[in-house]
Amino acid sequence: MAAQETVEHKYVYDFAEGNKDLKDLLGGKGANLAEMTNLGLPVPPGFTITTEACKAYLATGEEPDGLADQIAAHLASLEQAMGKRLGDPRDPLLVSVRSGAKFSMPGMMETVLNVGLNDRSVVGLSAQADGNDRFAWDSYRRLIQMFGKTVCEVPGEEFEHALDDAKRAKGTQNDLDLDADDLRGLVDAYKRIFLKHTGREFPQEPREQLDLAIRAVFESWNAERAVVYRRQERIPADLGTAVNVVAMVFGNLGSDSGTGVAFTRDPASGAQGIYGDYLANAQGEDVVAGIRNTVPLQELEKLDKKSYDELLSYMARLEGHYKDLCDIEFTIERGKLWMLQTRVGKRTAAAAFVIAGQLVDEGLIDLDEALHRVNGAQLAQLMFPRFQLDHEFQPVAKGIGASPGAAVGKVVFTSARAVELAAEGADVILVRRETNPDDLNGMIAAKGILTSRGGKTSHAAVVARGMGKTCVSGADELDINIPQRKFTVAGQTVTEGDVVSIDGTTGKVYLGEVPVMPSEVVQYFEGSLDPEHIDNALVRAVHRIMSHADAKRRLTVRTNADTGADAARARRFGAEGIGLCRTEHMFLGDRRELVERLILARTDDERDEALAALLPLQRDDFVEIFREMDGLPVTVRLIDPPLHEFLPPLEQLAVNVAVAQERGEDVAKEEALLAAVRRMHEENPMLGLRGVRLGLVIPGLFAMQVRAIVEAAVACAQRGGDPRPEIMVPLVGAVQELETVRAEAEKIIEEVTREKAVDVLIGTMIEVPRAALTAGQIAEAAQFFSFGTNDLTQMAWGFSRDDVEGAFFWRYLELGIFGISPFESIDRDGVGRLVRIAAEEGRAARPELKLGVCGEHGGDPDSVHFFHEVGLDYVSCSPFRVPVARLEAGRAAVETDGSDSR
Ligand code: PEP
Ligand code: MG
């Protein structure tokens, strides 16, 4: 068929022409349909219109040249394969028109089924279905409904209301009770709705239906909900969707027909077995929408053993072929099984680890590949707390544990309200009968999602799992009344704002706030669960994969910690030292008074006295930290923020002084404070007297800190410890700054370590662009560099880290100026380039220079990969991020350095 086409650009591929690796061009669905076709599985024939055609259409608003002819040619060969013609009045070929982007976007884009039906072919369809009039008219009304809503933007509720009216007239609540006559009447009603909203009759010409449906799928790429979903999932906006045109097969032809969804392993827990939902006498959309309650897939064995066995054999085959969990959509048409879709299935974070471990055991993948199959975001999710085991709450309902975790929050019933309350800082649980793509914003805002209908494959379940949100679906004991914003359950009424707790693992729903406990994964990291001796598939898998990541990674992982307790916890989580100990908190609390004395000192003596009083306190802080990190490096950063941050705010102080003066009180001290605050006031404190500048302006300040650090180290060493202090100077922009501080520090080190030798390194942060650009000079005076990517980002972009995220980042994200905040994930092109330059020039000047990063980016998965590529020695991040950074550093090593076993 392709050979006949003389057009240059190929926009349409027959299923037999594609394969699973062509996802960019054919989308995930199209590529996998092609793969299944080529594996010889029973896939209904069809073709795929490429993402390139979609992009061309979206760019110009018109189908690209040649597309219409290519569709005609492929349609002709499809007609030939099926022995039917599209919309033939006697024996119509019907097709489905389905979106399929490179990355799965469940329910986000459009599908139109039964294309090819019209007033005449509906009769032919009935004849071909052995006179099953009901089926034919039901198919026709579904086409008008889907076509109207999707292609012509007719409000969907209008069709729903007409359907409800028909059921009411019939005295039933069940669609299946409507007979052919009722459905014929419904088709008339739907056509009137169509006419009213579009000003034209429902199109009878099959090819026109097809072309309009294809257009609508193209356009759905830019539907608002798809845009929101892509932003949330970080899917690029310019990929476009492919369109699959597939011969229809029918699951609604009677009790020997049906449709279902199957997973080769449990996508929630990873457990092996047969998971899925089946719905007899129904079309696929009914299952995915969760509109009718399904039965577990196992029951198909009783209903249709032949199809069941066949399905199981295909599932095994697909899993062996893809070497991963597959999810599958299938339809049985009068006892004949058809495979409608497969893909590597979405899974929860827990399932990702468990399945990766199982696949290694089964010899399907190696450990490098297992590491590649999980990620830091999933690990972070597993470190969330869960409900306490021994709480006394009784569940009021039990639904399906659709996406694990423990969520507690105020009940809301609409997406808009969820967004509103969440913006006010409340934790909310979005409660719906079922969700649909319009609920997306609410789902993003909510802590958890609770529905009364739908199974593990309902929209709510699939989307929540993708987002890592807790979800309980199908809790059918809940009687939900959305307009009145309430639900009743177990004789109790719950209204908006009441607190509920939902357990996405067990599916249990509780009224009130159930206490939560840490995750097993955290307990494992903390050392209280021994993976060798407990029967917990998740903990064992995490242990195994983490061990492999540790064996592979080149980056060392340190932690940012300012207290002994944080240091100890981070060490249990695998931290191999401290990359940033911020000393400023040591100037707060009950030490404020001493700091005030320091700042207000009028003479050298007063200042020296205040510093002398601070010295032993600082020393004790460091002793504790060195003890917890014994044998590992501890980078202590000299004080960074401007000193006025340690004084009360100007306005408050001014009011206090005025009030006290009014009362005739003695305000001499407050006045002095106020004067000092006024004196130190800066318009741009982030760019003002802070960091090394402060150290050069306030005599003795850095010296006191250096002395405290070195004395603490000596004290630890004298007690038999192995302290490894590294002194770090903040905000250096010129080598002269560092040289001045270093000269003073070296004198102190020399003096203090006379008692007991301790190695002390002196290095600098690289967080001012000038420092990055003169790194070669600075390296002459530094034994290590630590990239302060928070300040480096602020100064490279020229925006204040304290203000801009709330002020305008939303707009920048919307415009795609950046895909993610550069404070969250390193801006490789700009800030990253500064890091690269500094690393290269620093190392050129001093080959043994140690390089690390201690900004927030040190714990961000994508940034960790970047720092690995640049060749830093370590990343440093908050204690809870340490396991994430270890995992990602291992993944980065396996991905960029290649594997020795593949
Ligand atoms: C940084 O700027 O990246 C850094 C680690 O220092 P701080 O956040 O304390 O300014
Ligand atoms: Mg900084």
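Observations on the model:
- Between Ala551, Ala565, the distinction of being small (Gly, Ala, Ser), farther than 16 Å from Gly859 by Cβ and at pLDDT below 95 belongs to Ala565 only.
- Unmet criterion (only one of (1) modelled with pLDDT of 95 or more; (2) more than 14 Å from ligand 1 (Cβ to nearest atom); (3) assigned to a helix (DSSP H, G or I); (4) under 30 Å from Val228 (Cβ atoms)) for Arg833: (4)
- The listed residues are Phe573, Phe587, and the only one of them that is within 16 Å of ligand 1 (Cβ to nearest atom), touching a residue at least 12 places away in the same chain (Cβ under 8 Å) and more than 22 Å from Phe784 (Cα to Cα) turns out to be Phe587.
- Filter result for Gly376 (small (Gly, Ala, Ser) and farther than 19 Å from Asn536 by Cα): yes
- Out of Leu183, Leu176, one residue alone is among the aliphatic types (A, V, I, L, M), over 23 Å from Pro203 (Cα atoms), assigned to a helix (DSSP H, G or I) and touching a residue at least 12 places away in the same chain (Cβ under 8 Å). It is Leu176.
- Residue in the stretch 796-813 that is buried (at least 17 other Cβ atoms within 10 Å of the Cβ), in a helix (DSSP H, G or I) and within 13 Å of ligand 2 (Cβ to nearest atom) present: yes
- Pairs linking a residue in the stretch 847-862 that is touching a residue at least 40 places away in the same chain (Cβ under 8 Å) and among the small types (Gly, Ala, Ser) to a residue that is away from ligand 1 (no atom under 11 Å from the Cβ) and not in a loop (DSSP other than H, G, I, E, B), with Cβ atoms under 6 Å and 6 or more positions apart or on different chains, are Gly852/Tyr874; Gly858/Val875.
- Residue check, Ala771 crowded, with 17+ Cβ neighbours inside 10 Å, within 13 Å of ligand 2 (Cβ to nearest atom) and in a helix (DSSP H, G or I): yes
- Here Leu731 clears all of (1) aliphatic (A, V, I, L, M); (2) assigned to a loop (DSSP other than H, G, I, E, B); (3) more than 16 Å from ligand 1 (Cβ to nearest atom) except the condition numbered (3).
- Selection count where residues are among the small types (Gly, Ala, Ser), closer than 20 Å to Leu594 by Cα and touching a residue at least 40 places away in the same chain (Cβ under 8 Å), scope the stretch 654-711: 7
- Gly100 free of Cβ contacts under 8 Å to residues at least 40 places away in the same chain and not in a helix (DSSP H, G or I): no
- When the stretch 209-247 is filtered for residues that are among the polar types (S, T, N, Q) and either in contact with a Lys or Arg (Cβ under 8 Å, 6 or more places away or on another chain) or farther than 30 Å from Lys469 by Cα (or both), the ones remaining, listed by number, are Gln209, Asn244.
- Of all residues in the stretch 568-586 being modelled with pLDDT under 95 and within 16 Å of ligand 2 (Cβ to nearest atom), the one that is surrounded by the most Cβ atoms within 10 Å (Cβ to Cβ): Thr583
- Whether a residue is surrounded by fewer than 22 Cβ atoms within 10 Å (Cβ to Cβ) and at pLDDT below 85 was assessed, and Arg207 does not pass this test.
The rows are residues; the columns are (1) outside any loop (DSSP other than H, G, I, E, B); (2) within 16 Å of ligand 2 (Cβ to nearest atom); (3) among the aliphatic types (A, V, I, L, M); (4) loosely packed, with under 14 Cβ neighbours inside 10 Å.
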position: Val659; (1), (2), (3), (4): yes, no, yes, yes
position: Gly664; (1), (2), (3), (4): no, no, no, yes
position: Lys669; (1), (2), (3), (4): yes, no, no, yes
position: Ala676; (1), (2), (3), (4): yes, no, yes, no
position: Glu683; (1), (2), (3), (4): no, no, no, yes
position: Met686; (1), (2), (3), (4): yes, yes, yes, no
position: Leu689; (1), (2), (3), (4): no, yes, yes, no
position: Arg693; (1), (2), (3), (4): yes, yes, no, no
position: Met704; (1), (2), (3), (4): yes, no, yes, no
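- Pairing residues of the stretch 730-744 that are under 10 Å from Arg693 (Cβ atoms) with residues that are assigned to a loop (DSSP other than H, G, I, E, B) and of a type in the set (D, E, K, R), at Cβ distances under 7 Å and at least 6 apart in sequence or on separate chains, gives Pro730/Asp640; Leu731/Asp640; Leu731/Arg690; Leu731/Glu767.
- Residues in the stretch 526-565 that are crowded, with 21+ Cβ neighbours inside 10 Å and basic (Lys, Arg): Arg553, Arg558.
- Residues of the stretch 823-877 classified as over 24 Å from Val760 (Cα atoms), more than 16 Å from ligand 2 (Cβ to nearest atom) and of a type in the set (A, V, I, L, M), total: 3
- Extreme residue, farthest from ligand 1 (Cβ to nearest atom), among residues of the stretch 745-767 that are surrounded by fewer than 17 Cβ atoms within 10 Å (Cβ to Cβ) and over 21 Å from Arg719 (Cβ atoms): Glu750
- Taking residues in the stretch 749-769 that are in contact (Cβ under 8 Å) with a residue 60 or more places away in the chain and of a type in the set (D, E, K, R), and partners anywhere that are more than 14 Å from ligand 2 (Cβ to nearest atom) and assigned to a loop (DSSP other than H, G, I, E, B), not one pair has Cβ atoms closer than 7 Å while being at least 6 places apart or on different chains.
The values are calculated or read from the model by the stated rules, or taken from the named source; none is laboratory data. Please read these numbers as outputs of a predicted model, since none were measured by experiment. When we count neighbours, we look across all protein chains shown, and the Cβ atoms used for this are built from the backbone with ideal geometry, even at glycine.
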